[in-house]
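Here is the structure we will look at.
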């Protein structure tokens, strides 16, 4: 091409102005021809390429870019090469050219010009800089085919970029390929690989890698060790951190500011704040290094204090930081907001927001969403909505996180209509619901028992393309399992697997928890065995569910085996584990093991939370140890854990009590105060304590005071009040309380009506009790076993045996299986009537039904001169009567009610016999003389109480062989009227 030759000669002679005298039009063909002629004249080639790039109606082709970068790199004009490589990448992105096309052209020009392959490595670096990882990998894979290896620096850049994208599998492949093609790693490569292994959760593999590198003579630098320390910190494994510190000391490497900051962060995550503070002081007071503490170090320590509830220490460190002239940053402000909100100090959190504005820092989405969550957790939905409007005014628009937080708050407080309205508003504003939003609504519907609406929402979930979402599948399964709908849960899971949704560990844990709740512990263990066979690692959450399931299935003897497995798998029991143990042993009536679990928990440095306190207090109440329950509450009041109730506990005096509960109270300290935020459950339990102590008026006043602080009474609150009022004989007042809860929009459940019916029966109003019973169906309630047992017992006591048998027929017809207590009411009535024939007939019927096969071992004749009451105590908490004496004045009386935590039987009595070991049988023998005017009240529960009220008495412990060891004798300790 003649014109190309003319242009080339003028450019070689640097006669750039002479080009204007030539008449030519820029074209791809012309530019490529000129660049080819000027391949050994980089300055002239660059001038012409720039001239072509500035034309109004012409832009150089990608082939021209490839030629110019080859020419410039060959001339070692690397800055210019990088500039035009970026231009080439922008061109290929704009025109969507495949990387293979660019690579092929680079190879073609490389072979044509016979230049060095430097440009290939530079091209790869450019792709990495632009985070075009796929293109960089293409270059990395294909460069060796041309006989050119990527540089170590380029490989490190590629590895680092892949780590940022968390594409760890590719990181390992690239590293292996580097070694295979002969690119030797350096300390930076090692640091990147350690960082990759740690971020991938493979910290043990990272340590192996470090040791392997050191054995090959390649020493790690402090950057690599810091990455390894950070890996252990994220796993809260401070023992692993100590191993790394020992390696650092062996290599005589000095720790830097990052190392110390990570140590502080690690100790804070592990909850060892005192050690974190010691490391911090060591940094300040002398490490042999000139370390300049910055806001980041202070921020990590402040955040640790905030997360662990030591807000006073957080303020102290913050003030110390400010005194040194360091300033607050967004991280520190947000840490303080999170700390205050997490521990219910919302006013202080609001003041932090104000301080941020004063410091010319604009609160971000995290700041507002954290405060929003704090409002919602406290039930302050109105304040939360106001904050949303303020966010919008301040230019921080609510995101899915904001709406999901509000949805969670509304659902937790049962405001499902408002939650649906918010959902619709969210859709109108163009926000696309995510998995968290759908999960929150599903949980809300299930918690309200609205099975149909949950399924309707599930159809919307599938319609929006979430068929393969394991998160949402688990949310649906969780709801069904908690409702006891295990068949439906299995059906949903089967369909989801068919649609490509893969179950995970959470799925199996959810099913195990569901079967444990449903009492099917066998199926739960089948799933566990399947997990073990498939190599799915067991989690502590799974074991917690199994422990709870074993207690529920009355298989507490297998709990120790579960705990052994937990320790064998290097899992550490947490507060949930200990909560399950304490609750389970209380329900079993084994106070010793319950308190042993508590003190073991405290010995491991775990502070009790609101659930632990509620369980212990409720358990003591249920077992009639009301003084001990109230003593524990008073200690909580003294510590300020429940300051709202202080006025009601000033009159108690528990100094004389020397029990395990007293030791629990003595173990409470500031850590317990920090970890315990009073909630509705705890307040209900405390109100129950007041009621059990006969302080019903104080309980009502306490509720009134709590109402002003945001407490909302629920069915449990009213259940406690109504039950206590009913058994005290104030039945009209109990009905007024029922009317009050209806006015407040709380629908009385069957537990409430059971308490009212029980009160009517005990006050002699059997007719009214029966009328109320018949109204239950109109109110949409279904009588349960307890309802029938109360009425049958009432009828039997009043002599209306025919009515009692009608009720028995009705309950059987409605599918409610009679229990041992049901039959015992009839047995007691028949015994008083002296109807031996019907008595024996009923015993035989019980045996046929399988209700007495384990308990009726000794059927005494009616002519015995002594009252025989062998009692078998089973783990489901049912008392089985084995025999009864003719003309005995001994009376069996069952009393039912409701505790705030569950629906276990509850009663009051004058004096109690407490049996510590539920595996033994006890018989109480009263002589004919002693039984005159005697009343025996037996309470059927997991822990049985036998109350004896008589002038003179004798007692004897009894087991299957009519003999009893001294140890067994001690298990039954009777405290009766008139006995010191």
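The values are calculated or read from the model by the stated rules, or taken from the named source; none is laboratory data. Here the structure is a predicted model, which is why all the values come from computation and not from measurement. As a convention, Cβ positions derive from the backbone with ideal geometry for all residues, glycine included, and neighbour counts pool all protein chains shown.
State yes or no: is residue 607 surrounded by 19 or more Cβ atoms within 10 Å (Cβ to Cβ), in a loop (DSSP other than H, G, I, E, B) and under 24 Å from the mean Cα position of the chain (by Cα)?
On the way: surrounded by 19 or more Cβ atoms within 10 Å (Cβ to Cβ): yes; in a loop (DSSP other than H, G, I, E, B): yes; under 24 Å from the mean Cα position of the chain (by Cα): yes.
Yes, satisfied.
Counting only helices (runs of 4 or more DSSP H) wholly contained in segment 1-82, the ones carrying 3 or more residues that are over 17 Å from residue 106 (Cα atoms) occupy 2-12, 28-37, 42-53.
Table: residues versus (1) modelled with pLDDT under 90; (2) assigned by TED's automatic domain parsing to the domain that holds residue 507; (3) outside any helix (DSSP H, G or I).
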site: 538; (1), (2), (3): yes, yes, yes
site: 543; (1), (2), (3): no, yes, no
site: 547; (1), (2), (3): no, yes, no
site: 554; (1), (2), (3): yes, yes, yes
site: 558; (1), (2), (3): no, yes, no
site: 561; (1), (2), (3): no, yes, no
site: 564; (1), (2), (3): no, yes, no
site: 577; (1), (2), (3): no, no, no
site: 581; (1), (2), (3): no, no, no
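With respect to being in contact with a helix residue (DSSP H, G or I) (Cβ under 8 Å, 6 or more places away or on another chain), closer than 20 Å to residue 486 by Cβ and either touching a residue at least 40 places away in the same chain (Cβ under 8 Å) or assigned to a helix (DSSP H, G or I) (or both), residue 602 falls outside the description. The set of residues in segment 751-771 that are surrounded by fewer than 18 Cβ atoms within 10 Å (Cβ to Cβ) and in a helix (DSSP H, G or I) comprises 767, 768, 771. Does segment 544-553 contain at least one residue that is surrounded by fewer than 21 Cβ atoms within 10 Å (Cβ to Cβ) and either within 26 Å of residue 582 (Cβ to Cβ) or touching a residue at least 60 places away in the same chain (Cβ under 8 Å) (or both)? Yes, segment 544-553 contains at least one residue that is surrounded by fewer than 21 Cβ atoms within 10 Å (Cβ to Cβ) and either within 26 Å of residue 582 (Cβ to Cβ) or touching a residue at least 60 places away in the same chain (Cβ under 8 Å) (or both).
Here are 473, 411: which of them is over 26 Å from residue 372 (Cα atoms) and either touching a strand residue (DSSP E or B) at 6+ places or on another chain (Cβ under 7 Å) or crowded, with 21+ Cβ neighbours inside 10 Å (or both)?
On the way: 411 fails: over 26 Å from residue 372 (Cα atoms).
Just a single option satisfies the conditions, and that option is 473.
Just to be sure, is residue 476 at pLDDT below 85 and within 26 Å of residue 528 (Cα to Cα)? No. In the set (1) touching a helix residue (DSSP H, G or I) at 6+ places or on another chain (Cβ under 6 Å); (2) crowded, with 20+ Cβ neighbours inside 10 Å, the condition left unmet by residue 587 is number (1). Taking segment 811-840 as the range and being touching a residue at least 12 places away in the same chain (Cβ under 8 Å), within 48 Å of the chain's Cα centre (by Cα), farther than 22 Å from residue 763 by Cα and in a helix (DSSP H, G or I) as the test, the residues that pass are 811, 820, 823. Condition test on residue 431, is it over 27 Å from residue 480 (Cα atoms) and touching a residue at least 12 places away in the same chain (Cβ under 8 Å)? Considered against the rule, which asks whether it is over 27 Å from residue 480 (Cα atoms) and touching a residue at least 12 places away in the same chain (Cβ under 8 Å), residue 431 comes out as yes.
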